[in-house]
1. Taking the Cβ of each residue in 86, 172 as the centre, tally the other Cβ atoms inside 10 Å and list the residues starting with the fewest.
2. To the nearest 10 degrees, how steeply does helix 123-138 sit against the main Cα axis of the chain, on a 0 to 90 scale?
3. In what order do 240, 163, 278 fall by count of nearby beta-carbon atoms within 10 Å, going from fewest to most?
4. Counting only residues 5 or more places away or on other chains, whose amide H sits under 5 Å from the amide H of residue 181 once H atoms are built in the peptide plane?
5. At a 10 Å Cβ-Cβ cut-off, how would you order 236, 209, fewest neighbours first?
6. Only Cα pairs within less than 10 Å get springs; with that Gaussian network setup on the chain, which residue of 55, 232, 145 has the largest fluctuation?
7. Given a cut-off of 22 Å, name the pairs among 69/178; 15/142; 13/139; 15/161 whose C-alpha atoms lie farther apart than that in the structure shown.
8. Return a whole-number percent for the relative contact order of the range 1-142, with Cα pairs under 8 Å and 6 or more residues apart as the contact set.
Amino acid sequence: MQVFQTISEIRSKLKSHIPTQSIGLVPTMGALHEGHLSLIQFSTQENDITIASIFVNPAQFNNPEDLQKYPRTTEQDLQMLSESNCDYVFMPSEAEMYPTPLTLGINFGNLEATLEGAHRPGHFRGVGVVVAKLFNIIKPQKAYFGQKDLQQFLIINQLAKQLNFDIQLNCCPIVREKDGLAMSSRNRRLTPTQRTFAPKLHEALLLTEKKLLESGNIATAQHTGIQFLNDFGVFEVEYLEIVDAETLSPVGAKAKKEAVAICIAAKLGDIRLIDNLLVKRI
Ligand code: AMP
């Protein structure tokens with residue numbers, strides 16, 4: 001496995017490959033876990049060359065403290081990637097990615113106005129810019145993202161369509177701990193007590209789904225999930241929404257025919273966790 005820190009180095013390396021070799025890209029912010037490695041595995045199965053990027057992208061952090069406390073475990077990450085048969089790692093510095101202050105604006109419309117976008121102003125602009133940069137630098141045929149960040153995937157899909165990136169985007173299943181907690185780099189920051197509560201997020205999703213399937217009533221199901229979490233007295237629920245899985249707009253009377261997603265964000269102390277679940281039919 002080779003590690004590249006500059007755009008010119010990785011570009012010249014990629015130029016040395018014959019054009020028929022397919023490239024799969026897995027963008028990450030490091031602090032890797034099994035969820036990230038599952039994306040690497042999808043890529044190595046489907047491409048000749050797999051490239052992981054590790055870049056804690058300041059442009060997508062709306063909270064400076066979250067950026068400062070974001071876990072950084074480079075040595076361990078490189079070890080894990082090497083053991084997963086990743087071919088190249090692109091690990092640029094902030095100055096390499098943003099040599100001049102970012103002035104570019106992007107707006108994802110309705111897709112950005114809800115859920116994470118509503119609670120993290122500017123977040124998806126930062127995501128959109130960095131992913132567009134990575135697509136331009138690496139020029140992969142395929143890129144792999146996690147359903148864990150469902151809204152991010154839909155945003156990147158919109159970005160790729162509207163800017164005509166010639167790329168196939170893949171949304172891969174959420175990898176969970178045995179107790180149901182969705183794997184996340186931020187889980188490392190949980191105290192042992194917080195860690196015992198964290199799987200309740202997934203339980204809340206399952207409970208909401210059950211209630212939705214039983215009652216067919218969006219408001220009742222939503223209320224049940226939120227109440228379940230509030231009763232522990234340790235969560236600050238930012239949202240628990242039942243939405244159209246493609247547009248993320250609220251589902252109303254049409255819910256019976258649509259694929260529906262239940263999306264949640266809640267804080268345990270200063271650690272913000274997100275999760276979601278796709279309900280195929282209600
Ligand atoms: P991050 O390093 O948090 O920016 O995540 C990099 C990629 O890994 C994103 O596409 C995430 O959606 C994906 N990812 C994060 N957690 C998981 C998980 N538990 N299962 C599958 N994919 C994940």
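Each reported figure results from applying straightforward, stated rules to the coordinates on display, with no laboratory input. This structure is a prediction, so every number in the text was calculated from the model and none was measured. Note: ideal-geometry Cβ built from the backbone for every residue, glycine included; neighbour counts use all protein chains shown.
1. Numbers: 86 23, 172 18.
Fewest-to-most ranking of 86, 172: 172, 86.
2. 30
3. On the way: 240 24, 163 12, 278 15.
Sorted ascending by nearby Cβ count, the order is 163, 278, 240.
4. none
5. Numbers: 236 13, 209 19.
In order of increasing Cβ crowding within 10 Å: 236, 209.
6. 232
7. Details: 69/178 26 Å; 15/142 17 Å; 13/139 13 Å; 15/161 26 Å.
From 69/178; 15/142; 13/139; 15/161, over 22 Å: 69/178; 15/161.
8. On the way: 191 pairs, mean separation 51.1, N = 142.
Normalised by residue count, the contact order of the range 1-142 is 36 percent.
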